[in-house]
Amino acid sequence: MRAVVNGVEWELADGATVADVLRRLGAPDVGVAVACRGEVVPRASWAATEVRDGDEIDVLTAVQGG
Amino acid sequence: MTEAQTRTDPLVIAGREFGSRLVMGTGGATNLAVLERALVESGTELTTVAMRRMDAGGGTGVLDLLRRLNIETLPNTAGCRNAAEAVLTARLAREALATDWVKLEVVADDRTLLPDPVELLDAAEQLVDDGFTVLPYTSDDPVVARRLEDLGCAAVMPLGSPIGTGLGVRNPHNIELIVARAGVPVILDAGIGTASDACLAMELGCAAVLLATSVTRAADPALMAAAMRDGVRAGRAARLAGRVPQRFWAQASSPPR
């Protein structure tokens, strides 16, 4: 299965979850948020949300700005 | 204005009190050590951050810094071009930072970075309905400012001039018109170049000033941060003190002989 994570195409195992994506990305436990298919995936749903083929996933964090 | 006086004259936004009337941005600093010294000198208690895609293995350095300095984080929606993008970014920021405060920014194009009022009003309405405390970056149009307040925004943040230009307050009368009719704090956002600009914004009646570039890209950011802190305090004191009316002809300040 393929998904686009932060603009980069990834090969993922079937059944991979949003939590798996965050682990592979090395995301910290706090200070990040995930959008999938244009909607926020709440933290409580990361482990239960399966990635679908062709999904676009964005993982955001706060940076210097404004 | 002394430290003690600023404590008895807090900035109040949506029921929350801040001892400093200088809201800082974090963009433009060459590194976190420079940013830290500038933030400390500025005395700010509320500071913006942007939301961006995380790099692999990237950290959350700016958040750690703000937490350590006990400065409240205000996420912005910088880079958003329409209401849908801004609403999604605000929701992601709420999820990531556990705050429902947002500096709402919807710009029309890259060259001017001017707010798009149609998309801004649309996004503001959606976010207020979704329970956000919305601080919108807007043009210096008094009618748009009024509309934003009517929608339930917690403050209105008109520009002095376009972001990053350092051109100061280009239309002081518009800022005064916004202040005269606003029931929420007016925060002069964008365009500040130097301390006298920040001072003028406060003299015009703004409740606070939001700035970043003028400090972070100054030759000595920490020194400019201190100058901005003092400029904001001086302008606030002058506003409260009540200036003398401007006169066409001279008026002797010494008694006639």
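Buried (at least 20 other Cβ atoms within 10 Å of the Cβ) and more than 9 Å from chain B (Cβ to nearest Cβ): is that true of residue A:18 in this structure? When the stated conditions are applied, residue A:18 passes them. Among what's in the stretch B:63-91 and is surrounded by fewer than 23 Cβ atoms within 10 Å (Cβ to Cβ) and within 8 Å of chain A (Cβ to nearest Cβ), pick the residue that is nearest to residue A:66 (Cα to Cα). Step by step, filter the stretch B:63-91, then rank; the result is B:73.
Residues in the stretch B:155-172 that are of a type in the set (A, V, I, L, M, F, W, C) and either surrounded by fewer than 24 Cβ atoms within 10 Å (Cβ to Cβ) or part of a strand (DSSP E or B) (or both): B:156, B:157, B:163, B:167. Just one residue in the set B:229, B:239, B:257, B:233 is over 17 Å from residue B:165 (Cα atoms) and assigned to a loop (DSSP other than H, G, I, E, B); that residue is B:257. Scanning the stretch B:100-137 for residues that are β-branched (Val, Ile, Thr) and touching an Asp or Glu at 6+ places or on another chain (Cβ under 8 Å) returns B:106, B:107, B:133.
The set of residues from the stretch B:215-241 being in contact with a helix residue (DSSP H, G or I) (Cβ under 6 Å, 6 or more places away or on another chain) and touching a residue at least 60 places away in the same chain (Cβ under 8 Å) comprises B:215, B:221, B:222, B:224, B:225, B:226, B:228, B:229, B:232, B:234, B:236.
I'd like the full set of residues that are within 9 Å of chain A (Cβ to nearest Cβ) and out of contact with any helix residue (DSSP H, G or I) (no Cβ under 7 Å at 6 or more places or on another chain), limited to the stretch B:14-31. Of everything in the stretch B:14-31, just one residue is within 9 Å of chain A (Cβ to nearest Cβ) and out of contact with any helix residue (DSSP H, G or I) (no Cβ under 7 Å at 6 or more places or on another chain), namely B:25.
Quick one: how many residues across the stretch B:178-190 are small (Gly, Ala, Ser), more than 11 Å from the chain's Cα centre (by Cα) and in a loop (DSSP other than H, G, I, E, B)? Don't jump to the end; show me each part of the working.
Step one: list which residues in the stretch B:178-190 are small (Gly, Ala, Ser), which gives B:180, B:182-183, B:190.
Keeping just the survivors that are more than 11 Å from the chain's Cα centre (by Cα) gives B:180, B:182-183.
Those still in the list that are in a loop (DSSP other than H, G, I, E, B) too: B:182-183.
Number satisfying all stated conditions: 2.
Consider the stretch A:25-41 and keep the residues that are farther than 30 Å from residue B:30 by Cβ and exposed (fewer than 13 other Cβ atoms within 10 Å of the Cβ). The one that is farthest from the other protein chains (Cβ to nearest Cβ) is A:37.
For the stretch B:92-116, the set of residues classified as more than 14 Å from chain A (Cβ to nearest Cβ) and more than 13 Å from residue B:80 (Cα to Cα) consists of B:111, B:112, listed by residue number.
One residue is enough: does the stretch B:119-127 have a residue meeting the conditions out of contact with any helix residue (DSSP H, G or I) (no Cβ under 6 Å at 6 or more places or on another chain), crowded, with 18+ Cβ neighbours inside 10 Å, within 19 Å of residue B:162 (Cα to Cα) and within 12 Å of chain A (Cβ to nearest Cβ)? Taking every residue of the stretch B:119-127 in turn, none turns out to be out of contact with any helix residue (DSSP H, G or I) (no Cβ under 6 Å at 6 or more places or on another chain), crowded, with 18+ Cβ neighbours inside 10 Å, within 19 Å of residue B:162 (Cα to Cα) and within 12 Å of chain A (Cβ to nearest Cβ).
With surrounded by fewer than 24 Cβ atoms within 10 Å (Cβ to Cβ) and either of a type in the set (A, V, I, L, M) or in contact (Cβ under 8 Å) with a residue 40 or more places away in the chain (or both) as the only criterion, which of B:212, B:208, B:198, B:252 stands out? Spell out the reasoning first.
Working: B:212 fails: surrounded by fewer than 24 Cβ atoms within 10 Å (Cβ to Cβ); B:208 fails: surrounded by fewer than 24 Cβ atoms within 10 Å (Cβ to Cβ); B:198 fails: surrounded by fewer than 24 Cβ atoms within 10 Å (Cβ to Cβ).
Sole residue among the options that is surrounded by fewer than 24 Cβ atoms within 10 Å (Cβ to Cβ) and either of a type in the set (A, V, I, L, M) or in contact (Cβ under 8 Å) with a residue 40 or more places away in the chain (or both): B:252.
Evaluating residue B:133 against the criteria (1) touching a residue at least 60 places away in the same chain (Cβ under 8 Å); (2) surrounded by 21 or more Cβ atoms within 10 Å (Cβ to Cβ) leaves one unmet condition, (2).
Looking at A:59, A:5, A:63, which one is β-branched (Val, Ile, Thr), within 30 Å of residue B:216 (Cα to Cα), within 14 Å of chain B (Cβ to nearest Cβ) and touching a residue at least 12 places away in the same chain (Cβ under 8 Å)?
Values: A:5 fails: within 30 Å of residue B:216 (Cα to Cα); A:63 fails: touching a residue at least 12 places away in the same chain (Cβ under 8 Å).
Only one candidate qualifies: A:59.
Going by the conditions given, is residue B:52 more than 19 Å from the chain's Cα centre (by Cα), under 14 Å from residue B:26 (Cβ atoms), more than 7 Å from every other protein chain (Cβ to nearest Cβ) and charged (D, E, K, R)? Show your work before the answer.
Numbers: more than 19 Å from the chain's Cα centre (by Cα): yes; under 14 Å from residue B:26 (Cβ atoms): yes; more than 7 Å from every other protein chain (Cβ to nearest Cβ): no; charged (D, E, K, R): yes.
So residue B:52 does not fit the description; no.
Look at residue B:175 and say whether it is modelled with pLDDT of 95 or more and either in a strand (DSSP E or B) or within 14 Å of another protein chain (Cβ to nearest Cβ) (or both).
Working: modelled with pLDDT of 95 or more: yes; either in a strand (DSSP E or B) or within 14 Å of another protein chain (Cβ to nearest Cβ) (or both): no.
It is false that residue B:175 is modelled with pLDDT of 95 or more and either in a strand (DSSP E or B) or within 14 Å of another protein chain (Cβ to nearest Cβ) (or both).
The values are calculated or read from the model by the stated rules, or taken from the named source; none is laboratory data. Note that the structure is a prediction, hence the values are computed from the model and not measured. FYI the Cβ positions are ideal-geometry reconstructions off the backbone, even for glycines, and counts take in every protein chain you see.
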